[in-house]
Amino acid sequence: MTNETSKTETRSFEADVSRLLHMMVHSVYSDRDVFLRELISNAADACEKLRYEAIARPELLGDDPRPRIVVSADPEAKRLSVEDNGIGMNGDEMAEALGTIARSGTRAFMERIEAAKGGKARGSEAKGSGEGAEFVGQFGVGFYSAFMVADRVDVISRPAGGAEAWRWSSDGKGEYEIGAVSPGEAPARGTRVVLHLMDDAASYTEPYRLERLVRAQSGHVPVPITLVEKPGAEPREITDGKALWTRPKSGIAPEEYTDFYRSVAGQYDEPALTIHFHAEGRQEYNALVFVPGSRPFDLFDQDRAGRVKLYVKRVFITDEAELLPRYLRFVRGVVDSADLPLNVSREMIQESPLLAAIRKGVTSRVLADLEKLAGNDAEAYGKIWDNFGVVLKEGLYEDYERREQLLKLARFASTASGEGRRSLADYVAALKEGQKAIFFIAGDDRARLEASPQLEGFRARGLEVLLLTDPVDAFWVMNAPEFEGKPFRSVTQGSADLSDIPLAGDAKPEEPVGTEIGDFLAFVKATLGDALSDVKASDRLTESAVCLVAPEHGPDRQFERLLSAAGRLEKAAKPVLEVNPRHPRIAALAKLDPEKRELREDAAHLLYDEARVLDGDKPADAKAFSARLARLIDRVLEGA
Ligand code: ADP
Ligand code: MG
């Protein structure tokens, strides 16, 4: 159908476009704001394309060389327009670009929606009355998202270097009109998209809302954005078009980094580490990321994967792409890829090999810079470790490939650290003669750990023991990794094997033990029966009489407790009671007349309960315990 006077034609949208538009309009949107981001992003693209074309044909720029995006509101008419002085489109180009879906991103998006409708996709994407509504809310699908807020959209465009102009117009219901317009109605160069807003979207003309939206979504778009609040109002530049991360490092002042950090991270402190680099080669991207100076409030929020924003060619895409592994979720900032396609759904991004390569590169760089800082400024690194060490340690069991590197970054309190922290390199450098393992003790309270009887034999030999007090320690250390060929070994598990390691300094050599000890241990074992897996003479005790340790195989006792608290323990292993044969009380008990059966039995039970209490547990049977204790006191009183 042709209109003679204006040569305007009415055409139908390609079927896919109609489906997409239908879905947009009939979905319940969680976030319609994205339409503005999409239109500004297109305007910026148009400016970038012109910028590129003008390299070969500078005359295209004419007397207007500065790229510009102008957002104009007309609250009374409920109109909003986004205008650029970019490359522009002629009539055919409009029909092609705005009437079909040629782009892979949108096509994939459509397929995703179809899958969601067919129930193939995961629940969260298909839920709600709108088909794939969450998708749209999160990603937008380019130009067509304008129909989420407008019941009519006009696009008036004049290509760079051209004299004629065209107008495209549609209500998004299956057809659009296209035709020539008089040059006076069109921008001198480029495209004006005019949105006739729906009533419930009229508030998009509020200047404050517009400004906030533009800054938040498009604040780093590479073209300055100007706002005209109402017809006739003075244009006001609200973003300057300079993306900090694309500027050379040497020209950026520390305050600029700090400002940017605060806006991108939502923090009010100074960054502890600023990492800014440009990657080239297989993947081209800029990264500007920060380690915060203090813990962000949502550090342990399980739903919050990361806070590194993904940009593609300076256009914000998402802050939900997992650009870094979970154990680096405290890192905040921006990654700007030159190679990823714009307008790609989050799932697509997540699965993209391009993104995988970027993730790898940024992760390596962050870890390398942390390592560098640890070497150059131990104090600054120590602060980072204090804030984020617990999170970094998650990497020790989540990222097997980088475990070695993460182990190097790890810092620990130990029996030799005092107030400071020890690295594993420090630990290994201080290994004692005959020492074949890295010893650790785990628990939730450092003071308690340091007072543990299990440490006595290690202390007597000058052996350093790491004090692991974070619950996360259980998970990595249980996977029995090693560092520089030395396995990690719990001092509360299995036999201590300390006999090969000489006692430190002027400690007296151990005296041989009398034979009656063996009989006594057998008696204790028989008495306690099922509660224990074994009763053994200990070489890890020097002062205390007894302690409990875990059997050789199976988890450390502290970890067993954690697992059991988390409901992940099927059956606790029975502990081993270690008895110090050189302890005077044990020696005396061993020599006790076997006829004094009741006293010997009470002693056996009380030794076990003593070991339990030392371990932070309760006596095995509170009532029996108090009866035994009472008998013992009575005995002493009788003799007194
Ligand atoms: P995308 O930006 O991913 O290509 P859109 O749906 O946002 O997808 O836009 C579709 C196409 O419309 C663009 O590729 C471009 O060719 C054209 N287009 C949209 N807006 C403009 C504009 N302001 N100037 C020039 N071309 C535009
Ligand atoms: Mg676009």
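The values are calculated or read from the model by the stated rules, or taken from the named source; none is laboratory data. Remember, it's a predicted structure, so these values are computed and weren't measured experimentally. Don't worry about glycine lacking a Cβ; one is built from the backbone with ideal geometry, like all the others, and counts go over all protein chains shown. Please note that ligands, DNA and RNA were not included when accessible areas were found on the heavy atoms of the full protein model with its side chains. Shrake-Rupley method; radii C 1.70, N 1.55, O 1.52, S 1.80 Å.
Just a few scattered comments:
- Modelled FRET efficiency - R0 51 Å, D339 with S417, Cβ distances, 0.05 increments: 0.65
- Toward the positive end of the charge dipole of the chain, with +1 on the Cβ of Lys and Arg and -1 on the Cβ of Asp and Glu, the farthest Cα among L562, L392, P353 is that of L562.
- The protection proxy used here, the mean number of other Cβ atoms lying within 10 Å of each residue, ranks peptides 51-57, 156-162 as follows, highest first: 156-162, 51-57.
- Packing, taken as the mean count of other beta carbons within 10 Å per residue, orders the peptides 32-40, 468-476, 415-423 from highest to lowest as 32-40, 468-476, 415-423.
- For the chain, carbon and sulfur atoms together expose 50% of the accessible surface, with a 1.4 angstrom probe and every protein chain in place.
- Between K230 and V636, the contour length at 0.36 nm per residue exceeds the alpha carbon distance by 136.5 nm.
- Considering only A374, G88, G219, and ranking their Cα positions along the charge dipole of the chain that arises from unit charges at the beta-carbon of Lys, Arg, Asp and Glu, the one farthest toward the positive end is A374.
- Ordering L409, L310, L324 by the projection of their Cα atoms onto the charge dipole of the chain, which places +1 on the Cβ of Lys and Arg and -1 on the Cβ of Asp and Glu, puts L409 at the extreme positive end.
- In this Cβ point-charge picture (+1 for Lys and Arg, -1 for Asp and Glu), region 245-382 has a dipole of about 240 debye about its Cα centre.
- Relative packing of 69-75, 498-504, which averages over residues the other C-beta atoms within 10 Å, highest first: 69-75, 498-504
- Phi-based couplings in Hz for region 596-611 (Karplus 6.51, -1.76, 1.60; Gly and Pro marked x): 7, 5, 4, 5, 5, 5, 4, 4, 4, 5, 5, 4, 5, 5, 4, 5
- Sequence-separation-based contact order of the chain, relative, with Cα cut under 8 Å and 6+ spacing, percent: 9 percent
- Once the 1.4 Å probe is applied to the protein heavy atoms, the chain comes out at 47 Å² accessible per residue.
- Cα centroid separation, region 242-266 to region 71-93: 31 Å.
- For the chain, the share of DSSP beta bridges that are antiparallel, to the nearest 5, is 75%.
- Given charges at beta-carbon only (K, R positive; D, E negative), |dipole| of region 362-462 in Debye: 280 debye
- Mean-position separation - Cα centroids, region 383-413 and region 159-217, in angstrom: 51 Å
- Region 245-382: relative contact order in percent, alpha carbon pairs under 8 Å with at least 6 residues between: 21 percent
- About its Cα centre, the chain has a charge dipole of approximately 440 debye under the convention of +1 per Lys or Arg Cβ and -1 per Asp or Glu Cβ, with nothing else charged.
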